[in-house]
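Enquirer: The following block contains the structure, expressed as structure tokens.
The values are calculated or read from the model by the stated rules, or taken from the named source; none is laboratory data. Computed from a predicted model, the values in this text were never measured in an experiment. Positions of Cβ are generated from backbone atoms using ideal geometry, with glycine treated the same way; all protein chains shown enter the neighbour counts.
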Amino acid sequence: MEPVDVSKKHFYISMLKSAVRLLGCWALFQGGMAMLDGGNAGTLLVATAFAFAVAEGLGIVEEL
């Protein structure tokens, strides 16, 4: 088991990372709905990719 990191920096970055991932999930859901409705889902899919990339970047920063 890993030791618990009690730093506030780690906590806040982790919460921000989770929020960005949830935003990516929302964008992916909206993209799927746009595809079902015959709309243009490209912008939402790009936003999804960007959100998950930012979340991964935050994960790297969190571990530094």
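Enquirer: Identify all residues within the range 25-46 that are among the small types (Gly, Ala, Ser) and out of contact with any Phe, Trp or Tyr (no Cβ under 9 Å at 6 or more places or on another chain); write none if there are none. I'd like the intermediate steps shown before the answer.
Expert: Quick first cut of the range 25-46, residues among the small types (Gly, Ala, Ser) only: 27, 31-32, 34, 38-39, 41-42.
31, 32, 34, 38, 39, 41, 42 - these are the residues of the range 25-46 that are among the small types (Gly, Ala, Ser) and out of contact with any Phe, Trp or Tyr (no Cβ under 9 Å at 6 or more places or on another chain).
Enquirer: Just checking, how many residues over the range 1-26 are at pLDDT 80 or above and either within 12 Å of residue 55 (Cβ to Cβ) or part of a loop (DSSP other than H, G, I, E, B) (or both)?
Expert: Our first condition is that a residue be at pLDDT 80 or above; within the range 1-26, this holds for 7-26.
Narrowing the set further to residues that are either within 12 Å of residue 55 (Cβ to Cβ) or part of a loop (DSSP other than H, G, I, E, B) (or both) leaves 7, 13-25.
Result for the range 1-26: 14.
Enquirer: Going residue by residue through the range 37-48, is there one that turns out to be touching a His at 6+ places or on another chain (Cβ under 7 Å) and surrounded by 12 or more Cβ atoms within 10 Å (Cβ to Cβ)?
Expert: Of the range 37-48, the ones touching a His at 6+ places or on another chain (Cβ under 7 Å) are none.
No; the residues of the range 37-48 include none that is touching a His at 6+ places or on another chain (Cβ under 7 Å) and surrounded by 12 or more Cβ atoms within 10 Å (Cβ to Cβ).
Enquirer: Go through (1) touching a residue at least 40 places away in the same chain (Cβ under 8 Å); (2) surrounded by 17 or more Cβ atoms within 10 Å (Cβ to Cβ) for residue 55 and report which single condition fails.
Expert: Answer for residue 55: the failing condition is (1).
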